[in-house]
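A.B. asks: Pasting a structure here, questions to come.
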Amino acid sequence: MRPHVAFAIVVDGEAVGGAGFSPGGDVERFSAEVGYWLGEPFWSRGITTEAVRLLSAYAFDTCRMLRLFAVPFADNGPSIRVLEKAGYAREGILQSSAVKAGIVRDQALYALVNPRWSQK
């Protein structure tokens with residue numbers, strides 16, 4: 001059975017966002033890209049940070065991931081703070097790595113490595 005990789009963020013019984021991860025393949029099969037979003041009325045309450053913490057623990061403990069990473073836009077301070085508060089560390093800036101609405105954007109590369117990882 002394949003593990004779940006996408007989850008709703010629920011507040012007071014209502015889905016208000018989502019979080020998930022996409023595992024890589026072949027030599028990157030123990031790494032996964034993390035993504036998340038939250039409805040604007042729920043911003044700045046620590047909800048996304050807690051969701052990313054829980055998602056990361058699940059990916060490490062249940063799915064045996066070695067490394068998780070995210071690539072928020074380099075100028076997206078709130079998303080970067082979520083990752084930093086969840087324990088992710090900045091590894092670098094990916095220059096001109098994305099295009100949104102016709103505008104070339106830089107992305108920051110953040111990662112978290114599983115300190116207890118074992119292939120078994």
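The values are calculated or read from the model by the stated rules, or taken from the named source; none is laboratory data. Bear in mind the structure is a predicted one, so any value in this text is a computation, not a measurement. With ideal geometry, Cβ positions are generated from the backbone for all residues, glycine too; neighbour counts draw on all protein chains shown.
A.B. asks: For residues that are closer than 20 Å to Val71 by Cβ and more than 11 Å from the chain's Cα centre (by Cα), scanning just region 29-42, find the one that is surrounded by the fewest Cβ atoms within 10 Å (Cβ to Cβ).
C.D. replies: Arg29
A.B. asks: Only one of Gly35, Gly92, Gly87 is over 21 Å from Pro3 (Cα atoms), part of a strand (DSSP E or B) and out of contact with any Ser or Thr (no Cβ under 6 Å at 6 or more places or on another chain). Can you tell me which?
C.D. replies: Checking each option against the conditions leaves just Gly92.
A.B. asks: Return the only residue of Pro115, Pro78 being outside any strand (DSSP E or B) and either surrounded by fewer than 11 Cβ atoms within 10 Å (Cβ to Cβ) or among the hydroxyl-bearing types (Ser, Thr, Tyr) (or both).
C.D. replies: None of the other options fit; the residue is Pro115.
A.B. asks: Continuing with this model, one more query. Taking only pairs six or more apart or across chains, which ones have beta-carbon atoms under 6 Å, a first residue in region 94-120 that is within 15 Å of Leu68 (Cα to Cα), and a second residue that is hydroxyl-bearing (Ser, Thr, Tyr)?
C.D. replies: That search, which allows pairs on different chains as well, returns Tyr110/Tyr88; Leu112/Ser56; Leu112/Tyr88.
A.B. asks: With the checklist (1) touching a strand residue (DSSP E or B) at 6+ places or on another chain (Cβ under 7 Å); (2) modelled with pLDDT under 95; (3) of a type in the set (Val, Ile, Thr) in hand, flag the one item Val34 doesn't pass.
C.D. replies: Failing condition for Val34: (2).
A.B. asks: List the number of the failed condition for Ile9; all other conditions in (1) in a strand (DSSP E or B); (2) surrounded by fewer than 17 Cβ atoms within 10 Å (Cβ to Cβ) hold.
C.D. replies: That leaves (2) as the condition not met.
A.B. asks: All but one of (1) closer than 18 Å to Ala6 by Cα; (2) of a type in the set (Lys, Arg); (3) modelled with pLDDT of 95 or more hold for Arg105, so report the exception by its number.
C.D. replies: All conditions are met except number (1).
A.B. asks: If you check Phe60, Phe69, which single one turns out to be within 13 Å of the chain's Cα centre (by Cα), in a helix (DSSP H, G or I), surrounded by 14 or more Cβ atoms within 10 Å (Cβ to Cβ) and aromatic (Phe, Trp, Tyr)?
C.D. replies: Unique residue meeting the criteria: Phe60.
A.B. asks: Could you check region 1-28 and list, in sequence order, the residues that are within 11 Å of the chain's Cα centre (by Cα) and not hydrophobic (A, V, I, L, M, F, W, C)?
C.D. replies: Gly18, Gly20, Ser22
A.B. asks: Read through the list (1) in a strand (DSSP E or B); (2) surrounded by fewer than 16 Cβ atoms within 10 Å (Cβ to Cβ), then give the number of the only condition that Ala19 fails.
C.D. replies: Looking at each condition in turn, Ala19 falls short on (2).
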